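Below is one structure, written out as structure tokens; comments come after it.
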Amino acid sequence: KLSEPTTKAHYTNRYACLRPCPLVCPNQGLVKQFGIIRRSRELEGKDTSALSYERTISVIKAYPHTLTASRLAEVSKLPGIGEKMLSKISEYVNYGKIRESQTIAASARFNSLSEFTTIYGIGAATARKLFDTFGLRTIADLEEHYARHEPPPQRFSDEEQARRITTPAPLLSIRAGLALREDLNEKIPRAEVDLMHDIVMGELEKLRQGCMSTIVGGYRRGKAESNDVDIVITHPTLTSGSDQVKGLGEALVNRLYERGFITHVMHLSGFHPPDALRTSHWDTLEKALTVFILPPDAGSPRRRIHRRLDLIFAAPEAYWTAITGWTGSKMFERDLRLWAKVECSMKFDSSGITRRRDSKRYFPRSEQEVFEILGLEWIDPTLRNA
Ligand code: DCP
Ligand code: MG
């Protein structure tokens, strides 16, 4: 953990990767109201505006005091808080709510687009098209629409096909995604994340002894409930650049599928998924984004629920950067890459750290070393909720 409590130097820093940030902050109500505006901008394709709300939210989350009128002068000096944001913050401080957030939250369009994008494979642009061009409003409308038009199956270029993990598991179609929507929208409690991890690693052990793994994502940041389970996996003998990492991923996905733990896959390997929600800053690691279900007898809840499971496979030298890169939060990761580029002339992503001047590669042997190489103060994963 950080040895010192959060200081002004921390929360006024313009890089999210230098701002320790708890899961729940003193101004959670404001964060929620801004979150609605941010989401609306994202759904409308106004990405620049969405990002500036995301930055403001992140700065507020790191601010350790409850906002009051007397603090507005200090808040106005926080990084990235311009006049527009400040006026909304003061609206919140004075009235306990923001008018624009209320209007958006009550709008039919916002609610339809939000619902549509809960379905895997439907991003903001597709959601708008379904709303504007096809006049769809509800999930029932979508079901009817996709019963008639299933979009063509994902096509892969030759290069993609060569790199892709091959598996008999079916690709998750939009129709299947619609059918599983209620399951996939249910949050996963920590105990079930642990159980899923145990099962996956138990199966992996039978294929290859001595693998190492870390549960990353929101779970590692301390979230009580997650939307999916993200696991980074390596084995000490894997050689990068060969097909060994891919081979391990393929063997695991296929074993889990054969044994009934994986029902669908959505994306396999290191290239970009089309129209997925997370297309930016995709790393080159081997990945399998899947749908997982617990076996009937695994001490599972009353009802077995389909869960999203992301498996990330790395050679040993990329293990720690993969862990750092997949722990998040998204804002923390965005600024980690920016910090590396602007302040260190290095490139950071989950597959490694490269010095730009001479392309020297670094192979950190712990997460602490990742931070050291980038000249960053250590921040515990539970304080990376920027
Ligand atoms: N990540 C990233 N950039 C991407 C994709 C992922 O930086 N394009 C990182 C940040 C995320 C982490 O990987 O925090 C895991 O992604 P998730 O979408 O699973 O998000 P979380 O695990 O943080 O939350 P949850 O799964 O509960 O929604
Ligand atoms: Mg996650």
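Sort out which residues of segment 7-44 are in a loop (DSSP other than H, G, I, E, B) and open to solvent by 20 Å² or more (accessible area, probe 1.4 Å), and write them in order of number.
THR7, THR12, ASN13, ARG14, PRO22, LEU23, VAL24, PRO26, GLU44
Yes/no matrix, rows are residues, columns are (1) in contact with a helix residue (DSSP H, G or I) (Cβ under 6 Å, 6 or more places away or on another chain); (2) among the aliphatic types (A, V, I, L, M); (3) open to solvent by less than 40 Å² (accessible area, probe 1.4 Å); (4) in a helix (DSSP H, G or I):
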position: GLU192; (1), (2), (3), (4): no, no, yes, yes
position: ASP198; (1), (2), (3), (4): no, no, no, yes
position: GLY202; (1), (2), (3), (4): no, no, yes, yes
position: LYS206; (1), (2), (3), (4): no, no, no, yes
position: THR214; (1), (2), (3), (4): yes, no, yes, no
position: LYS223; (1), (2), (3), (4): no, no, no, no
position: GLY241; (1), (2), (3), (4): no, no, no, no
position: GLY247; (1), (2), (3), (4): no, no, yes, yes
position: ASN254; (1), (2), (3), (4): no, no, yes, yes
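Run LYS246 past the list (1) within 16 Å of ligand 1 (Cβ to nearest atom); (2) touching a Ser or Thr at 6+ places or on another chain (Cβ under 8 Å); (3) under 14 Å from LEU311 (Cα atoms) and report the number of the one that doesn't hold.
(1)
I'm trying to understand the selection: among the residues of segment 219-243, which are in contact (Cβ under 8 Å) with a residue 60 or more places away in the chain, within 16 Å of ligand 1 (Cβ to nearest atom) and more than 27 Å from PRO170 (Cα to Cα)?
Hits for segment 219-243 are ARG220, ARG221, GLY222, LYS223.
I want to confirm something. Restricting to segment 377-386 and keeping residues that are more than 20 Å from ILE57 (Cβ to Cβ) and under 22 Å from the mean Cα position of the chain (by Cα), which single residue is surrounded by the most Cβ atoms within 10 Å (Cβ to Cβ)?
So, considering only residues that are more than 20 Å from ILE57 (Cβ to Cβ) and under 22 Å from the mean Cα position of the chain (by Cα), the one surrounded by the most Cβ atoms within 10 Å (Cβ to Cβ) is TRP378.
Among the residues of segment 312-329, is there at least one that is closer than 24 Å to GLY177 by Cβ, under 12 Å from the mean Cα position of the chain (by Cα) and modelled with pLDDT of 90 or more?
yes
Can you tell me which residue in segment 226-239 is nearest to LEU311 (Cα to Cα), limited to those that are more than 14 Å from the chain's Cα centre (by Cα) and part of a strand (DSSP E or B)?
Top of the filtered list is ILE233.
Check segment 173-180 and report whether any residue there is open to solvent by 70 Å² or more (accessible area, probe 1.4 Å) and touching a strand residue (DSSP E or B) at 6+ places or on another chain (Cβ under 7 Å).
No, there is no match, as no residue in segment 173-180 is open to solvent by 70 Å² or more (accessible area, probe 1.4 Å) and touching a strand residue (DSSP E or B) at 6+ places or on another chain (Cβ under 7 Å).
Look at ILE188 and say whether it is within 16 Å of ligand 1 (Cβ to nearest atom) and on the phi < 0 side of the Ramachandran plot.
yes
For ALA169, are the conditions met, namely being outside any loop (DSSP other than H, G, I, E, B) and either modelled with pLDDT of 95 or more or in the same structural domain as PHE292 (by TED's automatic domain parsing) (or both)?
no
Filter segment 221-241 down to the residues that are under 24 Å from VAL265 (Cα atoms) and within 9 Å of ligand 2 (Cβ to nearest atom) and list them by number.
Of everything in segment 221-241, those that are under 24 Å from VAL265 (Cα atoms) and within 9 Å of ligand 2 (Cβ to nearest atom) turn out to be SER226, ASN227, ASP228, VAL229, ASP230.
The values are calculated or read from the model by the stated rules, or taken from the named source; none is laboratory data. From a predicted model like this one, the values you see are computed outputs, not experimental measurements. For neighbour counting, all protein chains shown are included, and Cβ atoms are generated from backbone atoms with ideal geometry for every residue, glycine included. Calculation scope for accessible area: heavy atoms of the full protein, side chains included, ligands and nucleic acids excluded. Shrake-Rupley method; radii C 1.70, N 1.55, O 1.52, S 1.80 Å.
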